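Undergrad: Encoded as structure tokens, here's the structure I'll be asking about.
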Amino acid sequence: PSQLLETDPSIEEAAQLLKDRHVVAFPTETVYGLGADATNEEAVQKIFEAKGRPSDNPLIVHVADIHQVEELTQNIPDRAYRLMEAFWPGPLTLVLESNGSAAKNVTAGLSTIGIRMPDHPLALALLRASGKPLAAPSANRSGRPSPTDAAHVWQDLEGRVAGILDGGATGVGVESTVLDCTSDTPVILRPGGVTKEDLEKILPNVDVDSALKDKQKQPRSPGMKYTHYAPEAPLWLVKGDDEFFNEQLIQLKEEGHRVGVIVSMELAEKLNHDLVSLCGSRDRLNEVAGRLYAALREFKKADVDVILCETFPQTGVGAAIMNRLTKASVNILTQG
Ligand code: TXA
Ligand code: MG
């Protein structure tokens, strides 16, 4: 509505826009976030409107220091302090008991609140300049791949935000790990930039949410409606060796499909195909995570009618990569 667009505001201008209850997109080390004052309900409401996000999905609150965590929560367990010490600033969101100080719509009515300290100089500078904790989900239209570049934010939210701080490409590429710290054994609710292996170096027992495990086992049916991280054309995952991938590609082409492929450079070398989006080396999963969302945005509806995507090992950040790819896909082709 009455939002002025600042294409590349200074930190001070962006902080002022936030104080005036506008929404501003900013880079973090994972993906771009769409920020608003987490203590102001009217400001937070604009995040849901700009994204088209359902209001029952709680937002992550970003902080500049541990003092701000203590202002938003109660009964912080010792294990949470140890995790903050080990992984902050960084891609780990801790779910803690809320004390009710955040705006109601941030937590979607829950008694808990997700908080993290981002590891990005612009995000930290903005947090300090605004003096507020900032609620910030990924700065994409709901259902689209998360933005890892200011241009992605622009594609999705032009005219819907008061400003976009441009910090170039983000590094980690997949969102933060969401860890519920309210139970004795912490539970991973969303795999992300800090891996289960990383967490287990600090706390020996870490669980993975059972819903997460079930979903990864379940092959999704072709007709299923996709609503997360969705590219413009339907995404099919290929589980099998390189030869199997090539066979599937050839068959779809023979059937007359225009096929885009998202693959590692190792697989790309074995395919005789033009419409390729490279996501790095399969031996460097961090590189794949960093390129993943840009790759999902690359193919346009006009150019391809199906996208075939390689699958990756579930170790380390591979758990986050496969979690996002499974959600983004409408079909899985599994080798017999
Ligand atoms: O890396 C990230 O986490 C990015 C950057 C911008 O910081 N943010 C992000 O936010 O991914 P969003 O809103 O797209 O994802 C928030 C996730 C959702 O899966 C939500 O369900 C979960 O965090 N979440 C937030 N608060 C929670 C709570 N109190 N309990 C359980 N899950 C919560
Ligand atoms: Mg998101």
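All of the numbers you see were taken from the coordinates with simple rules; none came from a lab. All figures in this text were calculated on a predicted structure; none of them were measured in a lab. Positions of Cβ are backbone-derived with ideal geometry, glycine not excepted, and every protein chain shown enters the neighbour counts.
Undergrad: Among DSSP bridges having both ends in the chain, what percentage is antiparallel? Round to the nearest 5. Walk me through the numbers on the way to the answer.
TA: Working: 16 of 43 bridges.
Taking every DSSP beta bridge within the chain, about 35 percent pair in antiparallel fashion.
Undergrad: Which of the peptides 192-204, 86-98 is most tightly packed, and how do the rest follow, judged by the mean count of other Cβ atoms within 10 Å per residue?
TA: Details: 192-204: 17.2, 86-98: 22.0.
The peptides rank, most packed first, as 86-98, 192-204.
Undergrad: Please list 77-85, 137-145, 278-286 highest first by mean number of surrounding beta-carbon atoms within 10 Å per residue.
TA: Numbers: 77-85: 15.6, 137-145: 22.0, 278-286: 17.6.
The packing order, highest mean first, is 137-145, 278-286, 77-85.
Undergrad: Going by average Cβ density within 10 Å per residue, which order do the peptides 328-335, 241-248 take, highest to lowest? All intermediate terms of the calculation are to be shown ahead of the outcome.
TA: Details: 328-335: 18.5, 241-248: 15.8.
Taking the mean over residues of other Cβ atoms within 10 Å, the ranking is 328-335, 241-248.
Undergrad: When the scattering of the stretch 3-101 is computed by the Debye formula from its Cα atoms alone, each counted once and equally, what is log10 I(q)/I(0) at q = 0.16, 0.20 Å⁻¹?
TA: Log10 I(q)/I(0), no solvent term: -0.80, -1.17.
Undergrad: With charges only on Cβ, +1 for K and R and -1 for D and E, what is the dipole size of the chain about its Cα centre, in debye, rounded to 20?
TA: On the way: 34 positive and 47 negative charges, 145 e Å.
Value, rounded to 20: 700 debye.
Undergrad: Can you tally the net charge around N205? Count Lys and Arg as +1, Asp and Glu as -1, for every other residue whose Cβ sits under 12 Å from the Cβ of N205.
TA: Details: positive: R79, K196; negative: D184, E200, D207.
After counting each charged neighbour, the total is -1.
Undergrad: Same structure, new question: I need M322, M117, M265 ordered by Cβ neighbour count within 10 Å, fewest first. All intermediate terms of the calculation are to be shown ahead of the outcome.
TA: Working: M322 17, M117 23, M265 14.
Listed from fewest to most nearby Cβ atoms, that is M265, M322, M117.
Undergrad: Here's another thing I want to ask about it. Going through the cross-link list K132/K327; K51/K213; K213/K239, which pairs have a Cα-Cα distance over 23 Å in this structure?
TA: Values: K132/K327 33 Å; K51/K213 28 Å; K213/K239 17 Å.
K132/K327; K51/K213, as the Cα separations exceed 23 Å there.
Undergrad: When the Cα atoms of the chain are enclosed in a convex hull and the volume is divided per residue, what value in Å³ results? Could the numbers behind the result be given before it?
TA: Working: hull volume 43.9 nm³, N = 336.
Per residue, the Cα convex hull of the chain comes to 131 Å³.
Undergrad: Right, something else. In deg cm²/dmol and to the nearest 500, what is the mean residue ellipticity at 222 nm of the chain if only DSSP H runs of at least 4 residues count, each as -39500 (n - 2.57), divided by the residue total? Spell out each step's value before the answer.
TA: On the way: 12 runs with 112 residues, N = 336.
It comes out at -9500 deg cm²/dmol, rounded to the nearest 500.
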